[in-house]
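Here is the structure we will look at, set down as structure tokens.
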Amino acid sequence: MASTGTLATALGFLPNWWRETTDATALDGLLMGWQQACGWKSCGLVLTHENQRWVKTVEAGQWVEATPPPELPDALRRLKNGEATVLYSIAQSSGRVFATVQPLGRSPGVVWADKRPGEPWTDAERAYMALTGQMIERSPALAALLGAIIDPDRLYQRLGDAAVICGRMAHDFDNLLQGVIGFADLTAPLVSPGSQAAGFVAEIGKIGQRGIQFTQQLHQLSRSGQVKPNPGSVPLAIAKEEARLKPMMAPGLRIEKDLPNTLPAVAMEATPLQTVLGHLLENAVEACPQGGVVRVSAKSVELTEADARSYLGRVGVGAHLQVVIMDSGVGIKPEVRRRLFVEPFFTTKVRHRGLGLAIAYRVLCSHRGGILLDSVPAPGTGTQVRVVIPLAVVRTPNITSTPVATAVGG
């Protein structure tokens, strides 16, 4: 560290990142205090969220022009590929070190610092930079700036608790609704066709059927924690859900698909796979105006640790299938985006109960997959949902050798 700061002083500053706050400007004060405590020549933070970029730079206790360091693209690439920190040679400095700031379910950012000439970086100081990035990731000050930082394990537990209650309620309501529908069917022949009474009886039956559709979602949430890693086909699931949704699509709405024939199977069997993709496709269809477009694509990807952390869920490194569903609607408003997943059953749709995303999230978590919602990059409009699901393991069949009979002469 520089003469104005020691490693002990820098370590002593770390708890400040977790200071409780709801002030969106609190991160500025923390960055300024960090520069002074550590004695950096300069330091900064670069964050990207909702197509916005925050670039903050402090030098000698003063804010300077907010332009990202020129090394940023290469630093992000190297950090994404697994390096804990990266060091670059900088004029009039002992070098600039970058470390990842990766809030779960958000785009990766960086924290960086320069040291004065003649004060070379030590391994301990570079490890400290990596630790600082991890502290900032869960900082209340960062949450105040970007919106709540989601704890996927806590969210999964909350949905699990709700699923138990939903399963019990769905069973009881099914019995009640079947009685309503059954008696409506029995009453219909007893009233004059076309009469007011016949209209009332028909409406009772329709209400009962709508209730059954809702209890089916409760059943889906109840069962969404069941792990069924048997191989499933994404193109087949998409085709079935597209056929189901066609009657409710706005006039002129079309679904464009880019699903190569060579797509591998995923480790999620047909029913839960169709449930996940069906809810996401339905949201996209409902978000599209007349004449809109929903685009569906899929490809195999190899996820690094940084890639995995950008998704909400329980995503690991390795081979996955990535499915992208993009609509041409108005997009998700920032105030709505901040509440999604933070409030598990939040919805802005009058006739919905917020179960679709909750069900999709819990199914994906159970199968070690993940989800990420983005705005469509400019100049387009709408929402882009990315889902990753592990590939199915190809099992080598057991081949039992057949013993060869040996003739024994007498």
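Every number in this text was worked out from the coordinates using simple rules, so none of it is lab data. Because the structure is a prediction, the values reported are computed rather than measured. A quick note on method: Cβ atoms are made from the backbone with ideal geometry, for glycine too, and the neighbour counts reach across all protein chains shown.
P(r) tail, segment 7-146: Cα-Cα pairs separated by more than 24 Å, 22% of all pairs. The radius of gyration of the Cα set in the chain, together with its Dmax, comes out at 27.5, 104 angstrom.
Ordered from longest to shortest, the equivalent ellipsoid semi-axes for segment 226-394 are 24, 19, 16 Å, each the square root of 5 times a Cα gyration tensor eigenvalue. Highest mobility in the GNM of the chain, judged by mean-square fluctuation with C-alpha springs under 10 Å and restricted to LEU145, LEU357, LEU321, is found for LEU145. Summarising the amide proton neighbourhood of TYR311: residues at separation of 5 or more, or on other chains, whose placed amide H is nearer than 5 Å comprise GLY105. Phi angles across segment 157-164 convert, under the Karplus curve 6.51 cos²θ - 1.76 cosθ + 1.60 with θ = phi - 60°, into 3J(HN,Hα) values of 5, 4, 5, x, 4, 5, 5, 4 Hz, Gly and Pro given as x. Taking the centroid of alpha carbons for each part, segment 46-114 and segment 223-246 are 40 Å apart.
With +1 on each Lys and Arg Cβ and -1 on each Asp and Glu Cβ, and nothing else charged, work out how big the dipole of the chain is about its Cα centre, in Debye to the nearest 20.
Numbers: 40 positive and 35 negative charges, 107 e Å.
Charge dipole, the chain, about its Cα centre: 520 debye, nearest 20.
Here, segment 107-199 yields an orientationally averaged convex hull projection of 12.6 nm² when only Cα atoms define the hull. In a reduced charge model with +1 at each Lys and Arg Cβ and -1 at each Asp and Glu Cβ, segment 226-394 shows a dipole moment near 400 debye about its Cα centre.
With q set to 0.15, 0.28 Å⁻¹, the log10 of I(q)/I(0) for segment 150-223, from the Debye formula over equal scatterers at the Cα positions, is -0.60, -1.12. Shown in residue order for segment 119-126 are the 3J(HN,Hα) couplings computed by the Karplus curve 6.51 cos²θ - 1.76 cosθ + 1.60 at θ = phi - 60°: 10, x, 5, 9, 4, 5, 5, 5 Hz (x for Gly and Pro). Using a Cα-Cα cut-off of under 21 Å, which lysines could be cross-linked to LYS228, ignoring same-chain neighbours fewer than 8 residues away? Output for LYS228: LYS240. Summing Cβ point charges (Lys, Arg +1; Asp, Glu -1) relative to the Cα centre of segment 1-122 gives a dipole of roughly 240 debye. In order along segment 14-25, phi translates into HN-Hα couplings of 3, x, 4, 5, 9, 5, 5, 6, 10, 8, 5, 9 Hz, rounded to whole numbers, per the Karplus curve 6.51 cos²θ - 1.76 cosθ + 1.60 with θ = phi - 60° and x for Gly and Pro.
Straight-line cross-link partners of LYS80 among the lysines, defined as a Cα under 20 Å from its Cα and at least 8 positions apart when in the same chain: LYS299.
Here segment 80-135 is treated as a sphere whose radius is the Kirkwood value from Cα pairs; by Stokes-Einstein at 4 °C and 1.567 mPa s it diffuses with a coefficient of 110 µm²/s.
Most tightly packed first, judged by the mean number of other beta-carbon atoms within 10 Å of their residues, the peptides 276-284, 11-19 read 276-284, 11-19.
Qualifying trypsin sites (Lys or Arg not before Pro) in segment 104-141, where qualification requires a DSSP coil assignment and no more than 14 other C-beta atoms within 10 Å, comprise ARG138.
The Cα atoms of segment 253-319 cover 40, 26, 21 Å along the three principal axes, with the biggest extent listed first.
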